[in-house]
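Where a number appears in this text, it was derived from the coordinates with a stated rule and is not lab data. The shown structure was predicted, so the numbers you read here are calculated from the model rather than taken from an experiment. Cβ sites come from the backbone with ideal geometry, for glycine too, and all protein chains shown count toward neighbours.
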Amino acid sequence: MAGERRGWRVSLLGGAVFAVCMTGTTLPTPLYPLYQEKFDFSELTVTVVYAVYAFAVIGVLLLAGNASDAVGRRPVLLWGLGCAALSAICFLCATGLGWLYAGRLFSGLSAGLFTGAATAYVMESAPPGGASRATFIATAVNMGGLGCGPLLAGALAQYAPWPLYLPFAVHLALVVCSVAVLLRLPETVAERQPLRTVRPQRLAVPSQVRPVFGPAATASFVGFALFGVFTSVSPAFLAQSLDVTDHAVSGVVVALAFFSSTGGQLAVGPVGTARSLPLGCAGLLTGLALLAGALHWDLLILVVLSAIIGGLGQGLAFRGALSAVGGASPPDHRAAVISSLFVVAYTGISVPVIGVGLLTEPMGLEGAGLVFIACMGTLVVAAAGYLLRRPVPACP
């Protein structure tokens with residue numbers, strides 16, 4: 001009994017460290033309008049600054065996504081916290097646009113290092129028989145941390161002094177506390193190897209997985225693209241089109257999408273993998289339609305509903321996609337296939353967002369948003385149509 005309690009304690013503390021790291025990755029979201037005013041840059045620049053984060057995550061996943069398997073979980077998590085600290089320092093020192101790029105780069109490196117290593121640590125620390133509960137913890141702290149970033153920054157920017165500095169000072173203090181906690185936690189990798197043994201991961205999708213991978217990857221791409229729009233340009237839309245200049249409100253809207261995604265991922269268990277992907281596509285399509293209505297009629301309530309329903313759809317679709325491609329993959333190719341899925345997902349959180357930024361100047365924010373919605377809607381309808389004709393098999 002004492003060993004079981006200790007296992008859950010370690011797992012929960014590891015989850016808390018995970019949440020702190022992920023909070024930092026979305027911390028700048030409600031602050032972008034303030035940076036635009038201070039440094040005088042366009043909406044395109046906002047999307048590029050945001051996309052630097054996603055490209056850094058992809059780079060880490062490809063080059064060192066399996067590093068914690070070799071050198072241990074704790075060293076990789078400590079590197080991730082170091083990158084998170086450097087990101088906060090860059091934002092605290094920001095006197096120009098270059099600091100923002102550097103801050104987002106380090107933030108992406110921290111997320112890339114944490115995503116796999118922290119999830120594995122939380123699950124490995126749990127006592128025997130606790131895999132399901134540990135998966136819930138890892139899912140909740142990942143998306144919960146992402147949701148807490150805009151909540152924390154929005155509230156501090158609106159109701160406390162130094163809006164462009166205090167959020168990052170608070171996060172830097174949390175990172176320092178997390179380092180102290182992590183140094184006291186045990187390592188879960190028994191046989192560690194030198195860093196030189198780490199090799200870049202090869203992306204591969206075997207032919208027997210491709211019928212499942214195609215629609216699963218498409219739904220993941222659209223879901224992450226929707227999150228990318230919410231976390232990069234939604235504060236500007238709220239301010240310019242809806243006259244919502246309250247940073248706390250914009251932080252809440254973005255946080256709702258991440259918290260709803262957590263709910264969607266947890267619903268995959270009772271819903272089942274076979275139904276979660278098409279239901280997730282339906283949720284994404286509804287979220288896109290509500291966002292289109294919000295752009296057309298300038299209604300805040302539709303933005304809120306889009307965040308909630310789109311987030312639920314993203315959670316259902318993405319966890320269903322992970323389960324489907326993982327279940328369809330041969331054991332010796334499973335890691336490579338899942339890595340490929342993550343690369344597609346993080347491409348979705350970057351490339352379409354830059355497209356919105358490019359279209360904003362000639363078409364305006366609303367016009368660019370409607371083009372984005374039309375493109376993403378076409379993709380998700382195609383994926384849903386394929387899934388209705390050829391449902392994915394149920395997976396445990």
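With runs of 4+ DSSP H residues as the only contributors, calculate the mean residue ellipticity of the chain at 222 nm using -39,500 (n - 2.57) per run, divided by the residue total and rounded to the nearest 500.
-28000 deg cm²/dmol
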Highest GNM mean-square fluctuation among Thr29, Thr378, Thr231, for the chain with Cα springs under 10 Å, belongs to Thr378
Choose one answer from Ser42, Ser178, Ser232: the residue with the largest mean-square fluctuation in a GNM of the chain with alpha-carbon springs under 10 Å.
Ser42
Return a whole-number percent for the relative contact order of segment 207-396, with Cα pairs under 8 Å and 6 or more residues apart as the contact set.
37 percent
Expected vector for segment 380-387, Karplus 3J(HN,Hα) from phi with 6.51, -1.76, 1.60 and θ = phi - 60°, integer Hz, x for Gly and Pro, equals 6, 5, 4, 5, 5, x, 5, 5
Hey, what do the phi angles of segment 103-118 turn into as Karplus ³J(HN,Hα) couplings, whole Hz, using 6.51/-1.76/1.60 and θ = phi - 60°, x for Gly and Pro?
x, 5, 4, 5, 5, x, 4, 5, 5, x, 5, 7, 3, x, 5, 6
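For segment 1-40, rounded, prolate or oblate, judged on the Cα gyration tensor with a ≥ b ≥ c (square roots of eigenvalues), a/c < 1.5 rounded, else prolate if a/b > b/c?
Verdict is prolate for segment 1-40.
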Ranked from fewest to most other Cβ atoms within 10 Å of their own Cβ, Leu285, Leu388, Leu27 fall in the order Leu388, Leu285, Leu27
Provide Glu191, Glu4, Glu124, Glu43 in ascending order of the number of other Cβ atoms located within 10 Å of each residue's Cβ, fewest first.
Glu191, Glu4, Glu124, Glu43
Burial ordering of Met123, Met363, fewest other beta-carbon atoms within 10 Å first:
Met363, Met123
Please work out whether segment 247-355 counts as rounded, prolate or oblate from its C-alpha gyration tensor, where a ≥ b ≥ c are the square roots of the eigenvalues and a/c under 1.5 means rounded, while otherwise a/b larger than b/c means prolate and anything else oblate?
prolate
Three-way shape call for segment 109-155 based on the alpha-carbon gyration tensor, with the a/c threshold at 1.5
oblate
Whole number please: convex hull volume per residue, Cα atoms of segment 1-185, in Å³.
111 Å³
Hey, what's the Cα Rg ratio for the chain versus the globular rule of thumb, 2.2 N^0.38 Å?
0.94
Expected max-MSF residue from Val179, Val303, Val233 in the GNM of the chain (alpha carbon, under 10 Å) is Val179
Any chance you could get the radius of gyration and Dmax over the Cα atoms of segment 207-396, in Å?
16.4, 53
Paramagnetic reach from Arg390 (point 7 Å along Cα→Cβ, amide N under 15 Å) across segment 301-334
325, 328-329
Considering the dipole of the chain built from charges on the beta carbon (Lys and Arg +1, Asp and Glu -1) around the Cα centre, which of Ile58, Ala294, Leu305 is farthest to its positive end?
Ile58
So if I take the centroid of the Cα atoms in segment 109-123 and the same for segment 235-266, what is the distance between those two points in Å?
25 Å
